[in-house]
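**Q** I'd like to ask some things about the structure below.
The values are calculated or read from the model by the stated rules, or taken from the named source; none is laboratory data. Since we're looking at a predicted model, the values are computed, not measured. Glycine gets a Cβ as well: all are built from the backbone with ideal geometry, and neighbour counts include every protein chain shown. Ligands, DNA and RNA are excluded from the accessible area calculation, which covers all protein heavy atoms including side chains. Shrake-Rupley method; radii C 1.70, N 1.55, O 1.52, S 1.80 Å.
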Amino acid sequence: MKRAILALILLQHCLAGTTDDAIPDSRYVEYGEEFAQFTKRITVLESDGNVAVASAVVISPYYALTAAHVVENFDSGVVAGNQIKSVTIHEGFLENTFGENDLAV
């Protein structure tokens, strides 16, 4: 659990910024490829019937981090072939936003 909390704190700071237009996209892709084994696709069926597809960072066999806006209308979903059983959204997340506290486990 300590690892999950640490990962949340680190991820929140990583997601707080945006990409820099002065840096070529290829540099971000190269950096991301170093962590490909931990990054998985998340597919969510929302309560209104829409399907959301995004990425998630697997932090343990039972937990993955993703953006709260991806799962805010969660009805059911799959990460890396595993059924999502529950979603916890950061308590400071503001609905329909992509900003601060846009985190979910």
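**Q** Evaluate the range 32-48: report whether one residue or more is exposed (fewer than 10 other Cβ atoms within 10 Å of the Cβ) and closer than 18 Å to Ile84 by Cα.
**A** Yes, the range 32-48 contains at least one residue that is exposed (fewer than 10 other Cβ atoms within 10 Å of the Cβ) and closer than 18 Å to Ile84 by Cα.
**Q** Suppose the filter is buried (at least 20 other Cβ atoms within 10 Å of the Cβ) and either in contact with a Cys (Cβ under 9 Å, 6 or more places away or on another chain) or not hydroxyl-bearing (Ser, Thr, Tyr) (or both); does Ala80 pass it?
**A** Against the criterion (buried (at least 20 other Cβ atoms within 10 Å of the Cβ) and either in contact with a Cys (Cβ under 9 Å, 6 or more places away or on another chain) or not hydroxyl-bearing (Ser, Thr, Tyr) (or both)), Ala80 does not qualify.
**Q** Ala67: in contact with a Ser or Thr (Cβ under 7 Å, 6 or more places away or on another chain) and open to solvent by less than 40 Å² (accessible area, probe 1.4 Å), yes or no?
**A** no
**Q** Going through the range 73-100 one residue at a time, which ones are outside any loop (DSSP other than H, G, I, E, B), β-branched (Val, Ile, Thr) and under 13 Å from Leu45 (Cα atoms)?
**A** Hits for the range 73-100 are Val78, Val79.
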